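The structure appears below as structure tokens.
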Amino acid sequence: MASPLIDALALLLERTYDAGISVRPLGRFVVGDEGHQRLLARYAVHETVGAASARLLLRPLGVETGAWAAALYLPDAIVALLERHDPRRRLDAGNVDAFFTLIEEIDHLVTFADRAGRPGGEVSLLELEWHAGVSKYLVGAHFLARLAARGRLTAGQRAFLEHHLFDKHDYRDVPAEVRGRYREADRLAHRFLRDLHGRRPADRVRRLRRFHHAGHHEKLRSFAC
């Protein structure tokens, strides 16, 4: 039996980045619309984007333990769309946005869990968005290549991914306090991917793992140009 899509994505990300901790199975973290509303009613939740947006919700369990409680909110509409149009069978303009949303939130959880599991591990919001931008492109490319049964993407497939990831978003509907961070994360992800594309396959894997394990300031020093 095939793994649930969320677990297949988490496994792909964990293997790609050589994550030191696994978050699978993801079903224990996922809440839909009803579960999200219960969390909002129970805890004081600070949200800076629309309430209907998918997001990773985090709550510290104590300064002494350094442990966190996590919930992955996936709106019912996104889940239903991806169940009807599974990206493992088809990936096009009809389901790519929902697919990228799913990848982004899983990537946030994988990245945060891996960083939190290391001594002194911290991760900035810019890092999370930058990292997710890279992961969305790479996972999208992986799925497109598998569906086409070919090792390399065509120029048209790369343009498709870049359009839906970077070109069509202006973030005008996003609150001003986060708009700049989203735009900067897109710029950094796009530049990193362009650099990655020009490298040999083995170099790409090494660079991706260095990128994943680097902290905020190291990322800016080593991967922003």
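The numbers here are math on the coordinates, done by the rules we state, and not lab data. All values reported here derive from a predicted model rather than from experimental measurement. All Cβ positions, glycine included, derive from the backbone under ideal geometry; neighbour counts span all protein chains shown.
With each run of n ≥ 4 DSSP H residues scored as -39500 (n - 2.57), what mean residue ellipticity at 222 nm is computed for the chain after dividing by its residue count and rounding to the nearest 500 deg cm²/dmol?
Details: 9 runs with 128 residues, N = 225.
Computed ellipticity for the chain at 222 nm equals -18500 deg cm²/dmol.
Mark the label point 7 Å from the Cα of Ala70 along Cα→Cβ and return the residues of segment 86-111 whose backbone N is within less than 19 Å of it. Answer for segment 86-111: 100-111. When both bridge partners sit in segment 5-223, DSSP labels roughly 75% of those beta bridges antiparallel.
With r as the distance between the Cβ atoms of Arg38 and His142 and R0 = 25 Å, compute the FRET efficiency 1/(1 + (r/R0)^6) and round to 0.05. After rounding to 0.05, the efficiency reads 0.10. Inter-label distance, Glu162 to Arg90: 2.7 nm, where each label sits 7 Å from its Cα along the C-beta direction. When each of the peptides 153-163, 123-133, 109-119 is scored by how many other beta carbons lie within 10 Å of its residues on average, the order from highest to lowest is 123-133, 109-119, 153-163.
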